[in-house]
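Just below is one structure, and these are the notes that go with it.
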Amino acid sequence: MDPSSLKPSLLKNILVRFLSFGVLIFAVRFAFLVAISGQSCSVGDDFCLFNVRHTSSFAVQSDKRYIHYYASVFQDLIAYGYLSPNSKSLCIETLTGEEVQALKRIGVLDSVGIPKRASRKLPFKGNTFDFEFSSGLEGYRFPVELGSEICRTLKPGGFLVVHLTAKDAYSFQSFLDLFDCLRLIRSRETDGPDPSTKIQEIVMKKERQKQSSLGNNNNSELRREIIRNAEPLIEQEPLKPWITLKRNIQNIKYLTSMVGISFKRKYVYIDVGARSYASSIGNWFKKQYPKQNKNFEIYAIEADKAFHEEYKAKKSVKLLPYAAWIRNETLFFEITRDPKGKSMGMQRGRVMGRIHPVQSSASYVDDVDKIQGFDLAEWLKSVVGERDFVVMKMDVEGTEFHLMPRLIETGAIYLIDEVFLECHYDRWQKCCPGQRIPKYHNTYRQCLDLFTSLRARGVLVHQWR
């Protein structure tokens with residue numbers, strides 16, 4: 001047989017197989033959508049819209065108890081003027097759609113719902129809805145982005161109503177801070193779908209852009225309330241600080257053990273004076289700090305070159321190989337020893353160092369390196385914002401007496417939610433009873449004054465070891 005006569009047949013077989021494969025892919029995708037959605041969908045930006053006019057099977061599956069509950073909620077909102085039968089309405093993060101059915105049952109016919117998906121965008125034009133409702137925002141992955149989307153899609157004068165289970169004031173304020181365009185109208189505790197569960201009902205109205213609170217510290221009373229619940233400061237200088245301060249860590253009341261942190265854009269841990277990975281990031285923050293199942297961005301700020309190589313293998317940690325300082329300039333990093341020639345502050349074979357703007361002539365200075373210092377306050381303001389949850393640990397060998405005033409002066413201190421500060425002073429030496437460490441010129445009283453002044457300003461600071 002002539003080989004050329006086989007070509008049309010071969011091409012035909014290839015074409016048939018290609019078309020069959022395409023049909024199979026389409027059928028599988030359709031079956032997947034039906035199985036997952038169980039209803040007619042308008043798929044766009046990873047969203048499926050619930051509309052009761054096309055969801056008879058969905059209605060059968062719905063819990064009538066929940067429909068009755070939400071119908072009662074919406075009737076109450078109509079009575080107060082936050083909702084009307086003519087309102088174009090959107091239910092956000094509705095898992096099964098009872099809210100939409102409840103709206104239609106009481107006569108709010110122009111209503112749609114969006115189930116929980118991973119997309120950050122709402123598939124609607126700006127200024128579309130008169131009324132938006134949600135009872136599922138606490139588990140949303142991108143709360144700040146959703147806040148912006150609600151502001152975009154809600155009409156001026158429109159209302160947002162949200163049901164939350166969070167009760168603490170910190171979570172409540174974090175939630176309000178999500179919305180630049182909304183004013184709080186009402187907040188009240190009411191029954192949830194389960195009568196044994198109480199929820200917080202929040203009503204907000206779209207009116208105007210809010211002003212930034214950075215520097216003004218508008219949340220100072222909330223911060224002070226948290227501080228009143230924190231562990232007390234150690235008033236008297238410890239005779240054995242290496243024991244007392246280490247034990248004090250067990251008494252620390254972590255912020256995340258007192259409040260919820262769900263309504264934050266991102267979660268950041270900054271270790272200033274990080275030393276080795278195991279010093280605090282690996283052995284303390286990773287293992288002991290209560291994170292509420294949030295993924296934290298981790299920054300290690302460490303000027304000592306001896307530790308830089310280790311962080312190359314730590315992909316989850318961003319190393320800043322510089323010295324935290326009050327401005328951008330070249331500094332001197334000093335490795336110290338005591339006057340008798342013995343190393344001071346040994347930790348895993350490497351002695352502690354500290355920075356100076358000028359080279360010291362002290363007799364206990366052993367090695368000196370030139371390093372680059374950077375303005376910690378300005379860097380902090382460029383990396384995090386008011387809507388982020390920020391934890392900072394600082395162990396900088398006395399430089400805290402320079403850094404903290406700078407953070408206060410710039411207002412950057414109010415971007416930090418929780419501070420773990422090791423304050424360095426002329427403490428009693430473990431090796432030599434009756435002798436103080438000559439490396440530091442500050443006293444315990446000055447350290448206590450620093451902690452007290454920070455707490456008085458609304459900064460939740462803990463005494464670190």
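Listed here are the residues, each with its yes/no results for (1) closer than 18 Å to LEU415 by Cα; (2) out of contact with any Phe, Trp or Tyr (no Cβ under 7 Å at 6 or more places or on another chain); (3) not aliphatic (A, V, I, L, M).
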residue: ILE249; (1), (2), (3): no, yes, no
residue: LEU255; (1), (2), (3): yes, yes, no
residue: ARG265; (1), (2), (3): yes, yes, yes
residue: GLY273; (1), (2), (3): no, yes, yes
residue: ALA278; (1), (2), (3): no, yes, no
residue: GLY282; (1), (2), (3): no, yes, yes
residue: PHE285; (1), (2), (3): no, no, yes
residue: ASN293; (1), (2), (3): no, yes, yes
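Against the conditions (1) within 26 Å of the chain's Cα centre (by Cα); (2) over 22 Å from ASN251 (Cα atoms); (3) without any contact (Cβ under 8 Å) to a residue 40 or more places away in the chain, where does LEU415 fall short? Just the number, please.
(3)
Evaluate the following for GLU422: is it more than 18 Å from ARG457 (Cα to Cα), touching a strand residue (DSSP E or B) at 6+ places or on another chain (Cβ under 6 Å) and of a type outside the set (A, V, I, L, M, F, W, C)? Break it down into steps so the answer makes sense when it comes.
Numbers: more than 18 Å from ARG457 (Cα to Cα): yes; touching a strand residue (DSSP E or B) at 6+ places or on another chain (Cβ under 6 Å): no; of a type outside the set (A, V, I, L, M, F, W, C): yes.
Criteria not met by GLU422.
Out of (1) crowded, with 17+ Cβ neighbours inside 10 Å; (2) within 30 Å of GLU378 (Cβ to Cβ); (3) in the same structural domain as TYR311 (by TED's automatic domain parsing), the odd one out for CYS181 is which?
(3)
Rundown of residues vs (1) among the hydroxyl-bearing types (Ser, Thr, Tyr); (2) at pLDDT below 95; (3) under 30 Å from LEU178 (Cβ atoms), yes/no style:
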position: THR244; (1), (2), (3): yes, yes, no
position: ILE252; (1), (2), (3): no, no, yes
position: SER257; (1), (2), (3): yes, no, yes
position: TYR267; (1), (2), (3): yes, no, yes
position: GLY273; (1), (2), (3): no, no, no
position: ILE281; (1), (2), (3): no, no, yes
position: TYR299; (1), (2), (3): yes, no, yes
position: GLU302; (1), (2), (3): no, no, no
position: ALA306; (1), (2), (3): no, yes, no
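Taking the conditions exactly as written (at pLDDT below 95, part of a loop (DSSP other than H, G, I, E, B) and acidic (Asp, Glu)), does GLU237 satisfy them or not?
yes
If a residue has to be on the phi > 0 side of the Ramachandran plot and in contact (Cβ under 8 Å) with a residue 24 or more places away in the chain to count, how many in the range 264-294 make the cut? Before you say what the answer is, go through the steps one by one.
First pass over the range 264-294, keeping only residues on the phi > 0 side of the Ramachandran plot: 273, 275, 292-293.
Then drop every residue that is not in contact (Cβ under 8 Å) with a residue 24 or more places away in the chain, which leaves 273, 275, 292.
Number satisfying all stated conditions: 3.
Give the residue, chosen from ALA278, ALA306, ALA274, ALA300, that is more than 25 Å from the chain's Cα centre (by Cα) and in the same structural domain as ALA412 (by TED's automatic domain parsing).
Unique residue meeting the criteria: ALA306.
Determine if the range 415-436 includes at least one residue that is closer than 23 Å to PRO321 by Cα, among the acidic types (Asp, Glu), touching an Asp or Glu at 6+ places or on another chain (Cβ under 9 Å) and in a loop (DSSP other than H, G, I, E, B).
There is at least one residue in the range 415-436 that is closer than 23 Å to PRO321 by Cα, among the acidic types (Asp, Glu), touching an Asp or Glu at 6+ places or on another chain (Cβ under 9 Å) and in a loop (DSSP other than H, G, I, E, B).
Which numbered condition in (1) within 22 Å of TYR269 (Cβ to Cβ); (2) of a type in the set (Gly, Ala, Ser); (3) in contact with a His (Cβ under 9 Å, 6 or more places away or on another chain) is the only one that GLY373 fails?
Failed condition: (3).
The values are calculated or read from the model by the stated rules, or taken from the named source; none is laboratory data. Given the structure is predicted, the values throughout are model-derived calculations rather than measurements. Please note: Cβ atoms are built from the backbone with ideal geometry, for glycine as well, and neighbour counts cover all protein chains shown.
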